[in-house]
Structure formats: C-alpha cells, structure tokens
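The values are calculated or read from the model by the stated rules, or taken from the named source; none is laboratory data. Predicted model, so just to flag it, every value in this text is computed and none were measured. Virtual Cβ from ideal backbone geometry, glycine too; neighbours counted across all protein chains shown. Calculation scope for accessible area: heavy atoms of the full protein, side chains included, ligands and nucleic acids excluded. Shrake-Rupley method; radii C 1.70, N 1.55, O 1.52, S 1.80 Å.
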Amino acid sequence: MDLDVLFVGTAGSAPSARRGLPATLVRRGGDRLLFDCGEGTQRQLVRSTGLVELEEIFITHFHADHVLGLPGMLKTFALRQRERPLTVYGPKGLRSLFATLAPIVGRVGFPLDLQELEPNDELARDGYRLAAYATDHGVRALGYALVEDARPGVFDPARAEELGVSPGPDFGRLQEGETINGVSPDQVMGEPRRGRRIVITGDTAPCEMTRLVAFEADLLVHEATFLHDEADRAAETRHSTARQAGELAAAAGVNMLALTHISPRYGGREVRDEARAAFQNTVVPRDFDRIEVPFPERGEPTLVKTSAEREVVGP
C-alpha cells in the first residue's frame, strides 16, 4: 500500500514566488486527504497532481491562510457538476465559518457535510484511523495523526510444513487466521508488524500533546515559522521556531521531520540547519515535493524533490 505526502503549499501566512499558502495532500492507496486549504490551493493541485475529486478535507484552524482556498475549490467542483459527497472536518466553529462563506460560495449541487471534531476524536477508515488532537495556537486548533492498523506478522512456510500443513490453499487460510489440521496461525506467523504513522501539526507552539501523538512516528510535519532569534515572537504568536521543532522531533523519536509554514523572510537552508542541530533527519520541502513513506521493513521515508538537482535555498 503506497503512502506519501505531497506538499501543495509550504508558506507561512504570506505566499512567496516559490511557496503557496498551507495545504498538504496525503495519499494512501486510492485515498486522497487534504489538510488545510490556503488561498490558491486548487491551482497548486492543478499544477501538481491535478484537481482530484477529493472526498475529505481536514482543516487545522480557521486563520485565513489555511481556509481561504475553500470557496474557490467548492465553486470549481460545482461547475464540474460534481455529484460525489464531500466532507470537511475541522474544530468547533466550522459550521459558523461556512455560514459566513455562504454568500461567496453560493449553492453547490453536491452533498457537502461539515463535521466538527473535538480533540481525541477518531475516524475509522479501511486499514487506518485519523485522530484529531489539540495543538497550542491561541485559538481552537487541531493536529491530525494518520495511524495505520497493525499488520500480520511474516508467515513461515517451512515451519508450517514441519507441522504438517501442505503448501497451497491451506497456507493462505492459515495466514488469514484459520486453524488448519490443529495448527493455529500463531504457530507459523511472526509478531504483528506496526503500521505507519504520519502526524501533521498545523500551526502551533511546541506542545507536549504533539510529542505524545508523534511518538516514534514515521513522519512528523511540523511548522517552523521563526528562527530561534525570534523565539519571543514565536511564543507571543503561538508558533514554533525551527530549533523547537527539531527538539520536539528528537524527544518524540520520530523517523523524519518535515518543516513547513516557512516565512518569506527565510530561505529553506537556514531553517533546515537550525532544526538539524537538534534533529538530524530534518527536511524543508518546497511546493510539489513529496515524501514517500514505505513500510519500515522496506526502508526509510524519502524526500522526492520536484527537481532532483536543486537544493532548498530560496524562499
């Protein structure tokens, strides 16, 4: 099952020539989950993966740079004569936001469901769940964790034959949990293997809840709006510095840290280097870069740049 994260918009509160406003697309198998929808998101999608028929959008909070792409996207879907339902999730206040946007959006011809989430709410999906948790941004704000179910252990065919199970359909039945000729699956299956975990914080000051939710995650996508010399301003606005994000990633024992919400005042390199002083496996994706997240036994998460020869040096 393929799993990757496409960075649709990686800027902070203001876009730059190279970074659009916040939006992140998680792709797992055939599922497409969009987290935040800043102004221009639909164009960013058109330029990268295409404006797919999203079924679920997750909003972290209601600051303008994270939601103003919604009206245009909804209108485009309506103009396409979309019929498939769309569900938008977000913190309490989501319905009030859409009531305010109603005169702009107008009528849409497809079912639009608005679901307000509380911290610790979980949404069950096929093979994984999405968990919302409280972040620290001075307003109602949620981070999200995609947590895959545990997978069966590795089947040992030699051991199965030793116990008298013949190769063929019985092997498959054993792996599916059925006892065959007195041989139970636990006798021929290894320990269950953990699923993958991705955590997306949205805007937040460094907080203990993120550390707990991201414990040993494969990928933590964390904001880094400031460098350490502006730590006081970061605290005042409930944002994070790159150093703080790196320290949190190290404390959580994550595999990879990806920094987003990059201010136009910075290029990528100084943000990356500050975080790497605390956590080495830090990357600063640009728009349209993606991170592939394989199963742990198949390798480490990998940053795939839109152009393999460029470095993250500009804003």
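Annotations
- In the stretch 273-295, of all residues being over 20 Å from the mean Cα position of the chain (by Cα) and among the hydrophobic types (A, V, I, L, M, F, W, C), the one that is surrounded by the fewest Cβ atoms within 10 Å (Cβ to Cβ) corresponds to A277.
- Checklist (1) in contact with a Ser or Thr (Cβ under 8 Å, 6 or more places away or on another chain); (2) assigned to a loop (DSSP other than H, G, I, E, B) applied to R272, failing item: (2)
- Screening E236 on (1) closer than 24 Å to G90 by Cβ; (2) part of a helix (DSSP H, G or I) shows it passes everything except condition (1).
- Boolean, S13 is modelled with pLDDT under 95 and under 21 Å from A141 (Cα atoms): yes
- When the stretch 45-75 is filtered for residues that are in a helix (DSSP H, G or I), open to solvent by 10 Å² or more (accessible area, probe 1.4 Å) and touching a Pro at 6+ places or on another chain (Cβ under 9 Å), only D65 remains.
- Of the residues making up the stretch 33-84, those that are of a type in the set (D, E), touching an Asp or Glu at 6+ places or on another chain (Cβ under 9 Å) and at negative phi are E39, E55, E56, D65.
- Residue check for V46: more than 15 Å from the chain's Cα centre (by Cα) and touching a residue at least 12 places away in the same chain (Cβ under 8 Å): no
- Residue count for the stretch 1-10, restricted to those that are surrounded by fewer than 24 Cβ atoms within 10 Å (Cβ to Cβ) and at pLDDT 95 or above: 4
- Filter result (crowded, with 18+ Cβ neighbours inside 10 Å and of a type in the set (S, T, Y)) within the stretch 177-227: T201, T204, T210, T225
- Only one entry in L303, L248 is part of a helix (DSSP H, G or I), open to solvent by 10 Å² or more (accessible area, probe 1.4 Å) and within 17 Å of I200 (Cβ to Cβ), namely L248.
- Selection count, the stretch 124-171, where residues are open to solvent by less than 50 Å² (accessible area, probe 1.4 Å) and under 22 Å from F295 (Cα atoms): 12
- Between R243, R298, R238, the distinction of being farther than 18 Å from V5 by Cα, surrounded by fewer than 20 Cβ atoms within 10 Å (Cβ to Cβ) and of a type in the set (K, R) belongs to R238 only.
- Subset tally (residues that are within 11 Å of F7 (Cβ to Cβ) and at pLDDT 95 or above) for the stretch 22-51: 7
- Scanning the stretch 275-296 for residues that are assigned to a loop (DSSP other than H, G, I, E, B) and of a type outside the set (S, T, N, Q) yields a total of 12.
- Those helices (runs of 4 or more DSSP H) lying entirely in the stretch 105-223 with at least 2 residues among the small types (G, A, S) and over 30 Å from T237 (Cα atoms): 157-162
- Whichever residue in the stretch 76-98 is open to solvent by 70 Å² or more (accessible area, probe 1.4 Å) and out of contact with any strand residue (DSSP E or B) (no Cβ under 7 Å at 6 or more places or on another chain) and, among such residues, is farthest from M1 (Cα to Cα): S96
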